[in-house]
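These notes concern the structure reproduced below.
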Amino acid sequence: MSADKVFHSRSQGIPSEGVKDQYADGKAARVWKKYIGDSNQRTKNYRDFLTGLLKKHGCVRVLDAACGTGIDSMMLVDEGFKVVSVDASDKMLKHALKARWEKRKDSRYDEWVIEEASWQTLPQDVDGFLPGASFDAVICLGNSFAHLLDEYEDQRTQKMCLKNFAKVLKPGGLLFIDHRNYDAMINSGATPGHSIYYNCKYPVDIKTSVLVVRGKPELVALDYCIDATDDGLITEKSEFRLCYFPHRLHSFTRMLDDAFDNRAQHSIYADFQPLERVDNPAYYIHVMQKALN
Ligand SMILES: C[S@@+](CC[C@H](N)C(=O)[O-])C[C@H]1O[C@@H](n2cnc3c(N)ncnc32)[C@H](O)[C@@H]1O
């Protein structure tokens, strides 16, 4: 289901990568920095979870496949990882490039690579600017993968993109990929305003709309309203809409296993904790370890 058939979700702008970009009008990209809060202050649970597993598995070279404004990447650069960051939205990348410029006196940032790429053509795109590169880990976090809607109603593009993530990983490498708890959102029609990733200091209200086509939930539209009126710069509430494919835990798990030819070790976490410890998580985080041969 293409969002534009039902909802007006984005401007007419198409980024240079050519794939559909819900951030193309620059509205969400501008407000995103308010939503994600101080880039030096990722939630401790998230930082410990991600960097802990990366270090445990000896990962050095990490591809952030949905870097957006660069917030996850900067956390990893600060922790000493060699980071390559890509995104399909030039409107989002603009903020990451600016952040790198602002850190130019910090030598850890000298090797931070930021390029345009889309998941649909990831191996070719990466090969274009880093010939022959492969990674110890790929991350696609912050509910990013669900941005990819299901235009052909058979999830073929999503399957291809997951295979592309597997392709750019070294044998034994890790893929971290997440999605909101769409099972709960479909049942309740509500989305928690607080994110487990970000330290947003403003009140966030998220209106949830679920589009059901022929009895099947095909699309979730979230209308974010961030009340940042008291920071002296923004004079009105910031609102933007993003549309998502509502991945259900069971079917996403199967699709991921297939993308790795059913040979990867697959661990699932709920809000960064073991699955059985959290009753109704906001997010599911999948960690795939690619087979060694
Ligand atoms: C929710 S933002 C998350 C960014 C960042 N990880 C964070 O937590 O702030 C999702 C990002 O995925 C990117 N994205 C969506 N579809 C993409 C695609 N097909 N290829 C590459 N990036 C894509 C968007 O441009 C956007 O920057």
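Read-outs throughout are calculated quantities, based only on the coordinates presented, and are distinct from any laboratory measurement. This structure is a prediction, so every number in the text was calculated from the model and none was measured. Ideal geometry is used to build each Cβ from the backbone, glycine not excepted, and the neighbour counts take in all protein chains shown.
Give me the net charge of A282's neighbourhood, meaning all other residues with Cβ under 9 Å from the Cβ of A282; Lys, Arg count +1, Asp, Glu -1. Before the final figure, lay out the partial values.
Working: positive: R180; negative: D271.
Residues close to A282 contribute a combined charge of 0.
Hey, fewest Cβ within 10 Å first, where do S251, S73, S144 land in order? Intermediate values should be presented prior to the final figure.
Details: S251 10, S73 28, S144 21.
Listing S251, S73, S144 from fewest to most nearby Cβ atoms yields S251, S144, S73.
Which links in K56/K82; K55/K290; K55/K82; K98/K290; K82/K167 stretch past 22 Å when you go from one Cα to the other? Numbers along the way, then the final one.
Values: K56/K82 16 Å; K55/K290 16 Å; K55/K82 12 Å; K98/K290 34 Å; K82/K167 19 Å.
Correct reply: K98/K290.
How would you order 270-282, 78-90 from highest to lowest mean count of nearby Cβ atoms within 10 Å? Each step should come with its number before you reach the end.
Details: 270-282: 14.5, 78-90: 22.2.
Descending packing order for the listed peptides: 78-90, 270-282.
Take the Cα atoms of the range 44-105, find their three principal axes, and give me the spread along each one in whole Å, biggest first.
Sorted from largest, the Cα extents of the range 44-105 read 34, 27, 22 Å.
Sort the range 57-168 into rounded, prolate or oblate with this rule: let a ≥ b ≥ c be the square roots of the eigenvalues of the Cα gyration tensor; rounded if a/c is under 1.5, and if a/c is not under 1.5, prolate when a/b is larger than b/c, oblate otherwise.
On the way: a/c = 2.00, a/b = 1.58, b/c = 1.27.
Prolate, because a/c is 1.5 or more and a/b exceeds b/c.
What order, most packed first, do the peptides 128-141, 211-224 have when packing is the mean number of other Cβ atoms within 10 Å of each residue?
Details: 128-141: 18.2, 211-224: 15.1.
Result, highest mean Cβ count within 10 Å first: 128-141, 211-224.
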